[in-house]
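Colleague: I have a structure here, written as structure tokens, and I will follow up with some questions on it.
The values are calculated or read from the model by the stated rules, or taken from the named source; none is laboratory data. All figures in this text were calculated on a predicted structure; none of them were measured in a lab. Cβ sites come from the backbone with ideal geometry, for glycine too, and all protein chains shown count toward neighbours. Side chains included, ligands, DNA and RNA excluded: accessible areas come from the protein's heavy atoms. Shrake-Rupley method; radii C 1.70, N 1.55, O 1.52, S 1.80 Å.
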Amino acid sequence: MKDSALVELFLNDIWLEKGLSENTIQSYRLDLTALCDWLLAHNLSLISLDAVDLQGFLGQRVEAGYKATSTARLLSAMRKLFQYLYRENYRTDDPSATLSSPKLPGRLPKYLTEQQVSDLLSVPSTDIPLELRDKAMLELLYATGLRVTELVSLSMDNISLSQGVVRVIGKGNKERIVPMGEEAAYWVGEFIRYGRSMLLNGQSSDVVFPSKRAVQMTRQTFWHRIKYYAVLADIDSNSLSPHVLRHAFATHLVNHGADLRVVQMLLGHSDLSTTQIYTHVAKERLKRLHEKFHPRG
């Protein structure tokens, strides 16, 4: 069987088993296609290669200047692939078992202050249906910490204004209920009452936040809308994205004393270690405040 066919079998299997997003599947496909291309150029295959061959492939990437984060993602995809091939008896061993992961730099997520968030949320003109939609989306994103894919794909039955909650289907098809707070609930309600029907223009859709064409908005479109408002709010647009607002949501909760496990639940993180990055953000902020205001800082 061709390597490309084995890769597709693996991707179908992991999609069914793990419920991974299409973006994750596509990232795996690109990484594993790069591996298959290298194997073809060296007269090797997924069935015939060994651990030394894999080391050679990874070494070539290092020499080519690929970032450690990129190589770590590739290595994760390869390990899952060879575990699958071993489990399904395509191979009698797992050549990736002895590979070590590259050391990743400890990076903190990009950070917005509470004042910057306030400035950003005040920019959209709520008299314009399109900007009323954006205002509601920004308020909801900051109030709930949703992933942008979760936000743009919300349907009307995911929102309960009376209870002030939103039902989210996150990674791995895991469901969570997130409170949206009074401010976000108010603006979502305002958009649904006064702006949504104007964007739909007589067309039928269950998407909460439709585009100008009355269909589900793309992640890229919302990203561009945020950039637009960042410029108006005098915030560096290069440092702002929907995910940065998710970071702001989590960081500001931790800054105000929220329990880390509550933040983990709200974000939909499966592992608490993923959430712990926000304690580091909070500590860095306290450190900067101490250096700035303490007489012996």
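Colleague: Identify the residue in the stretch 111-155 that is within 26 Å of GLY170 (Cα to Cα), assigned to a helix (DSSP H, G or I) and among the polar types (S, T, N, Q) and, among all such residues, is most open to solvent (accessible area, probe 1.4 Å).
Modeller: Applying the filter and picking the extreme gives THR149.
Colleague: Residue by residue through the stretch 182-202, note down the ones that are over 13 Å from LEU146 (Cβ atoms) and of a type in the set (Gly, Ala, Ser).
Modeller: Once the filter is applied, which keeps residues that are over 13 Å from LEU146 (Cβ atoms) and of a type in the set (Gly, Ala, Ser), the stretch 182-202 yields ALA185, GLY189, GLY195, SER197, GLY202.
Colleague: Also, quick follow-up: Across the stretch 23-34, what is the number of residues that are under 11 Å from LEU81 (Cβ atoms) and surrounded by fewer than 14 Cβ atoms within 10 Å (Cβ to Cβ)?
Modeller: 0
Colleague: How many residues does the stretch 30-58 hold that are among the β-branched types (Val, Ile, Thr) and within 17 Å of VAL7 (Cβ to Cβ)?
Modeller: 2
Colleague: Search the stretch 1-13 for residues that are charged (D, E, K, R) and pair each with any residue that is open to solvent by less than 70 Å² (accessible area, probe 1.4 Å) when their beta-carbon atoms are under 8 Å apart and the residues are at least 6 apart or on different chains.
Modeller: Pairs found: ASP3/CYS36; ASP3/LEU39; ASP3/SER45; ASP3/LEU46; ASP13/TYR84.
Colleague: Further question: Does ALA230 satisfy the condition of being over 14 Å from the mean Cα position of the chain (by Cα), aliphatic (A, V, I, L, M), open to solvent by less than 10 Å² (accessible area, probe 1.4 Å) and at pLDDT 65 or above?
Modeller: yes
Colleague: Residue by residue through the stretch 115-145, note down the ones that are closer than 19 Å to LEU200 by Cβ and of a type in the set (S, T, N, Q).
Modeller: Within the stretch 115-145, just THR126 meets the criteria.
Colleague: Another question, if that's okay. Would you check which residues across the stretch 71-94 are more than 21 Å from SER4 (Cβ to Cβ) and touching an Asp or Glu at 6+ places or on another chain (Cβ under 9 Å) and list them?
Modeller: Passing the criteria: only ASP93.
Colleague: Search the stretch 156-182 for residues being part of a loop (DSSP other than H, G, I, E, B) and within 21 Å of THR251 (Cβ to Cβ), and hand back the single one that is modelled with the highest pLDDT.
Modeller: In this case the residue turns out to be MET180.
Colleague: While we're on this one: Within the stretch 130-153, identify whether any single residue is of a type in the set (Val, Ile, Thr), without any contact (Cβ under 8 Å) to a residue 60 or more places away in the chain and farther than 16 Å from HIS224 by Cβ, and answer yes or no.
Modeller: Within the stretch 130-153 (the criterion being of a type in the set (Val, Ile, Thr), without any contact (Cβ under 8 Å) to a residue 60 or more places away in the chain and farther than 16 Å from HIS224 by Cβ), the answer is no, since none of the residues qualifies.
Colleague: Something else about it: Scan the stretch 35-46 residue by residue and report those that are in a helix (DSSP H, G or I) and either without any contact (Cβ under 8 Å) to a residue 40 or more places away in the chain or open to solvent by 40 Å² or more (accessible area, probe 1.4 Å) (or both).
Modeller: Passing the criteria: CYS36, ASP37, TRP38, LEU39, LEU40, ALA41.
Colleague: Separate question: Looking at ALA72, is it open to solvent by less than 40 Å² (accessible area, probe 1.4 Å) and touching a helix residue (DSSP H, G or I) at 6+ places or on another chain (Cβ under 9 Å)?
Modeller: Judged against the criteria, ALA72 is not a match.
Colleague: Between LEU20, LEU58, LEU49, which is assigned to a loop (DSSP other than H, G, I, E, B), at pLDDT below 90 and surrounded by 15 or more Cβ atoms within 10 Å (Cβ to Cβ)?
Modeller: That would be LEU20, the only listed residue that is assigned to a loop (DSSP other than H, G, I, E, B), at pLDDT below 90 and surrounded by 15 or more Cβ atoms within 10 Å (Cβ to Cβ).
Colleague: Would you point out which residue out of ARG219, ARG213, ARG193 is touching a helix residue (DSSP H, G or I) at 6+ places or on another chain (Cβ under 6 Å) and either exposed (fewer than 14 other Cβ atoms within 10 Å of the Cβ) or of a type in the set (Lys, Arg) (or both)?
Modeller: ARG219
Colleague: For GLU88, indicate whether it is within 16 Å of ALA184 (Cα to Cα) and at pLDDT 80 or above.
Modeller: Answer is no for this residue.
Colleague: Exactly one of (1) among the aliphatic types (A, V, I, L, M); (2) open to solvent by less than 30 Å² (accessible area, probe 1.4 Å); (3) modelled with pLDDT of 85 or more is unmet by LEU99. Its number?
Modeller: So the condition that LEU99 fails would be (3).
Colleague: Same structure, new question: Inside the stretch 185-216, can you point out the residues that are of a type in the set (S, T, N, Q), assigned to a loop (DSSP other than H, G, I, E, B) and free of Cβ contacts under 8 Å to residues at least 12 places away in the same chain?
Modeller: The answer is GLN203, SER204, SER205.
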